[in-house]
Every structure is written in structure tokens, then in C-alpha cells.
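The values are calculated or read from the model by the stated rules, or taken from the named source; none is laboratory data. This is a predicted model, so every value here is computed, not measured. Methodologically, a virtual Cβ is constructed for each residue, glycine included, from the backbone with ideal geometry; neighbour enumeration extends over all protein chains shown.
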Amino acid sequence: MGVIVKGKPVADALLARVQADARMLVEKGAPLCLAVILVGDDAASQIYVGKKHETCAKVGIESRMYHLPATTSQESLLDLIQTLNEDKKVTGILVQLPLPAHIHARQILRSIDTHKDVDAFSMLLDMSGDDLVPCTAGGILELIHSTGVQVAGKNCVVVGRSNIVGKPMAMLLLQENGTVTICHSGTVDLGEKTKQADILIVAVGKKKLITADMVKDGAFVVDIGMNRDGEGKLCGDVDFEAIKDKASYITPVPGGVGPMTIAMLMVNTVEAAKRQFAAAHPE
Ligand code: GUN
């Protein structure tokens, strides 16, 4: 059977490091505060945002929550972000997605000061070696690294092209010298592509989209799907039971990639605060 790659131990190790860094920053008097903006009442978003606050408290990062009604206008959201951009006590800003349909999400995300953009979605526009990396994609890379598997030279297939996961994932794998193919809903004969993958990353949101015949023997399979099966249990996009003996490594759902996203958000929040403090206090 392949190795089941669990997120919690890797996430816990990152969080321990973050906690030490956060303590050091606070002792120096450096501002360290994450502002989280949630617009509307999306149930899943409320759970995610709640977990982000809980984790901040656990590792010693101050967090502020702005829960705005679904009817919030573009202008008032932009005004809030402007205020937070200018607030020296706030070192990280995150706007939880999805936003209500009347809001122009791209304009909102672009209005966040890039130094405070702990989701790192602006990385797609301007990628250089030491940029913060988007949380889920960065977390997946940490998970892969934790096993000792190298990305360089591998065929990497990313299924899904979302701005939150698919696109940044493909960019990060490319940066690590993987040979990257991006598949999506318009891909003809998906199985032919996924069968080439040494590293297969699936972020679509369709249960059992990836079946055993679509996976190469010994592949590293990362499942980012978050679906409910017929009995209401959480499941990913990959047919885990059928593939776990064929893959050399596979992430479960739940308990695989999930814990890594928030851990990486904490890493980014502390890193952003460190950089802002260093820029304000040149030696
Ligand atoms: N919605 C789902 N995942 C994310 C994420 O990583 N960041 C934000 N801001 N919203 C999300």
C-alpha cells in the first residue's frame, strides 16, 4: 500500500515554528495582526474563517474579524481595505472567497497592499523567488517536501485551474522544475493526461473523478477535493480506496491537505509582519 500522507503532523510542525516566530516579533514590539473580511453568510466560509481565528489565537497572532452583510457595496468594501492598508497595526489582510456575485472580486483582491496580502493571490501577477505563496498550493508543496520526494524533472499534472489552487499550484511546481500540465473541464481524454503524472494534483470538486485506471503505478496523488458521498461523509475527488494500493503516496480526505492551508496562512502572516517590521526598522 502507498504511504498515506497526513497533513496534521506537518501542519503542527509548521505551527510550532510560527508560534516561536510570533513570540519573538511581539517581544520586539513588532505589529502582528491578521484582519479577516467575510462578506455574507456562506456556511463553509464561516467555518473556515472561524478556524483561521482559532489558529491565530493558538499561535499568538492577534486577529480581527470584519463580518459584513451580503448587501455590502463594492465601494464600502474598498474603503475598508484602504483603511486596513493604512493601519500600521494590521500586518495581514485576507478577504475570504467566494464573494457575493455583485462584488468585483478581482478589483477587491488587487486593492490589498501586496505587503499585507497573506493569501498571496497577487503572486500570480508578479512572481519572484521570495514572494509569499498562496496557502493551499504552498501547503501541498510542504507536504510533498516532507516525504523527501523531489519535484524537479517529474511529470506533474494539475487537474483544475482555479485562481485559489490550480493556477498557483502549477506555477509553484514549475518554479521547482517540474514539467507541468494543467487539465480542466475542457480537457479531452483526461485519463490519458493523468496517467502520465508522477505527481497528480486534483482540485476540481467532483467525487471519484479520478479512478484507478487514470493513475500511473507509483504516482504521488494529492487530493484537494472536499465533497460529500452518498452517506453524507466527507470525500475527495480521488477514489481513495481504489488508488491507495497503486499510488506510492496519497493524501486522504479529510486530514490530508486541509490542515496545511491554515498552517501556511499562519506562516505567511508571520512572514509578512517580519518583512514589514524589517522595512520600517532598517539596521
Ligand atoms: N476560499 C477558499 N479557500 C480560500 C483561501 O485560501 N483564501 C481565501 N481568501 N478564500 C478562500
If I ask for residues that are away from the ligand (no atom under 15 Å from the Cβ) and of a type in the set (Val, Ile, Thr), which ones from segment 96-113 would you list? none
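Return the only residue of Leu99, Leu125 being under 18 Å from the mean Cα position of the chain (by Cα) and modelled with pLDDT under 95.
Values: Leu99 fails: modelled with pLDDT under 95.
Selected residue: Leu125, the only one of Leu99, Leu125 that is under 18 Å from the mean Cα position of the chain (by Cα) and modelled with pLDDT under 95.
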If I ask for residues that are farther than 23 Å from Lys274 by Cβ and of a type in the set (A, V, I, L, M, F, W, C), which ones from segment 1-56 would you list? Met1, Val3, Ile4, Val5, Leu38, Val39, Ala43, Ala44, Ile47, Val49
Can you tell me which condition Ile103 does not meet? The list is (1) under 26 Å from Gly2 (Cβ atoms); (2) surrounded by fewer than 22 Cβ atoms within 10 Å (Cβ to Cβ), and all the others hold. (1)
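Which of the following residues is surrounded by fewer than 18 Cβ atoms within 10 Å (Cβ to Cβ), of a type outside the set (Gly, Ala, Ser) and under 26 Å from Pro9 (Cβ atoms): Thr147, Thr136, Thr179, Thr187?
Numbers: Thr136 fails: surrounded by fewer than 18 Cβ atoms within 10 Å (Cβ to Cβ); Thr179 fails: under 26 Å from Pro9 (Cβ atoms); Thr187 fails: under 26 Å from Pro9 (Cβ atoms).
Only one candidate qualifies: Thr147.
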Hey, any hits in segment 249-259 for a residue that's in a helix (DSSP H, G or I) and within 16 Å of the ligand (Cβ to nearest atom)? yes
Among helices (runs of 4 or more DSSP H) entirely inside segment 47-150, those with 2 or more residues being of a type in the set (Asp, Glu) are 74-86
Single residue of Gly256, Gly236 found to be touching a Lys or Arg at 6+ places or on another chain (Cβ under 7 Å) and crowded, with 16+ Cβ neighbours inside 10 Å: Gly256
Kindly provide the set of residues from segment 41-81 that are in contact (Cβ under 8 Å) with a residue 12 or more places away in the chain and under 18 Å from the mean Cα position of the chain (by Cα), ordered by number. Ser45, Tyr48, Val49, Lys51, Lys52, His53, Thr55, Cys56
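Give the residue that is farthest from Gly92 (Cα to Cα), with candidates limited to residues of segment 30-46 that are more than 16 Å from the ligand (Cβ to nearest atom) and assigned to a loop (DSSP other than H, G, I, E, B). So that I can check it myself, show each step before the final result.
Of the residues in segment 30-46, the ones more than 16 Å from the ligand (Cβ to nearest atom) are 30-33.
Within this subset, residues satisfying the condition of being assigned to a loop (DSSP other than H, G, I, E, B) are 30-32.
On the way: Ala30: 13, Pro31: 10, Leu32: 8 Å.
Filtering first and then ranking leaves Ala30.
Can we say Ile243 is closer than 30 Å to Asp131 by Cα and either surrounded by fewer than 18 Cβ atoms within 10 Å (Cβ to Cβ) or touching a strand residue (DSSP E or B) at 6+ places or on another chain (Cβ under 7 Å) (or both)?
no
Which of the residues spanning segment 219-233 are under 19 Å from Ile140 (Cα atoms), over 18 Å from the mean Cα position of the chain (by Cα) and free of Cβ contacts under 8 Å to residues at least 60 places away in the same chain?
Start the filter on segment 219-233 by keeping residues that are under 19 Å from Ile140 (Cα atoms), which leaves 219-227.
Now drop any that are not over 18 Å from the mean Cα position of the chain (by Cα), which leaves 219-220.
Within segment 219-233, Ala219 is the sole residue that qualifies.
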Does segment 77-95 include one or more residues that are of a type in the set (A, V, I, L, M), within 13 Å of the ligand (Cβ to nearest atom), modelled with pLDDT under 95 and closer than 28 Å to Met169 by Cβ? no
Determine if segment 142-159 includes at least one residue that is modelled with pLDDT under 95 and within 16 Å of the ligand (Cβ to nearest atom). no
